[in-house]
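Every read-out reported here was derived from the displayed coordinates using simple, explicitly stated rules and does not represent laboratory data. What you see is a predicted model; the values in this text were computed from it and never measured. Here the Cβ positions follow ideal geometry from the backbone for every residue, glycine too, while neighbour counts run over all protein chains shown.
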């Protein structure tokens, strides 16, 4: 069988270079904005993020309105990145997964793949027994929150490959975010946020050495 070819056009050196270049940006250049083309690609990267069962139990809120950001900054531990970045993204997770959510996903799968909902009955039963009726339902928001971190990592890597800086942000008050953004009524809760844009030349952390444990301490081959 012929080996499948990598069609991304990206080689290993370019990938590692982008990952070494990125860091949690402390100061953004407030005058530089992400282009519409690049931002559209980053939104697609969010949409293409994998999730358990493919259910996508999240919502991504892109905060660009200066007045809204001004409300969020004090409940983001006064981190100025919220104001100075080009785009501030809030990753929110569903507070519940219901039979209706599963049915909606089955309908979407059937529509896109050109099959009948009935042909997906076994797949549907797995989701229902696990997420709706099973023990995992007792911690369903925590399950959904972990999915959001997959999206966050995917977003940050995609941004780095485009030469766009990011700052993941758990230093915030989720309940206050929820209140300001009106999330509870929609069935979501804030999990994490991420500011995106371009580093300021005055950000001393941009030149700081990236510190990681040796691979031998972290990675085991068995």
Exercise. Any residue in the range 160-167 that is free of Cβ contacts under 8 Å to residues at least 60 places away in the same chain and part of a helix (DSSP H, G or I)?
Worked result: no
For this session: Inspect the range 43-65 for any residue being over 24 Å from residue 146 (Cβ atoms), surrounded by fewer than 17 Cβ atoms within 10 Å (Cβ to Cβ), in contact with a helix residue (DSSP H, G or I) (Cβ under 9 Å, 6 or more places away or on another chain) and touching a residue at least 12 places away in the same chain (Cβ under 8 Å) and give the result as yes or no.
Result: no
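So, in the range 133-159, of the ones that are assigned to a helix (DSSP H, G or I) and free of Cβ contacts under 8 Å to residues at least 12 places away in the same chain, which residue ends up surrounded by the fewest Cβ atoms within 10 Å (Cβ to Cβ)?
Taking the range 133-159 as the starting set, the residues that turn out to be assigned to a helix (DSSP H, G or I) are 135-159.
This time we only want the ones that are free of Cβ contacts under 8 Å to residues at least 12 places away in the same chain, so: 135-136, 138-139, 142, 146, 153.
On the way: 135: 7, 136: 15, 138: 9, 139: 11, 142: 11, 146: 15, 153: 12.
Among them, the one singled out is 135.
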For this session: Output the number of residues of the range 70-81 satisfying the condition of being more than 23 Å from residue 147 (Cα to Cα) and part of a loop (DSSP other than H, G, I, E, B).
Result: 4
For this session: Scan the range 15-26 and give yes if some residue there is under 26 Å from residue 207 (Cβ atoms) and without any contact (Cβ under 8 Å) to a residue 60 or more places away in the chain, otherwise no.
Result: yes
Problem set entry | Subset of the range 82-102 (residues that are surrounded by 14 or more Cβ atoms within 10 Å (Cβ to Cβ) and assigned to a helix (DSSP H, G or I)) | 82, 83, 84, 101, 102
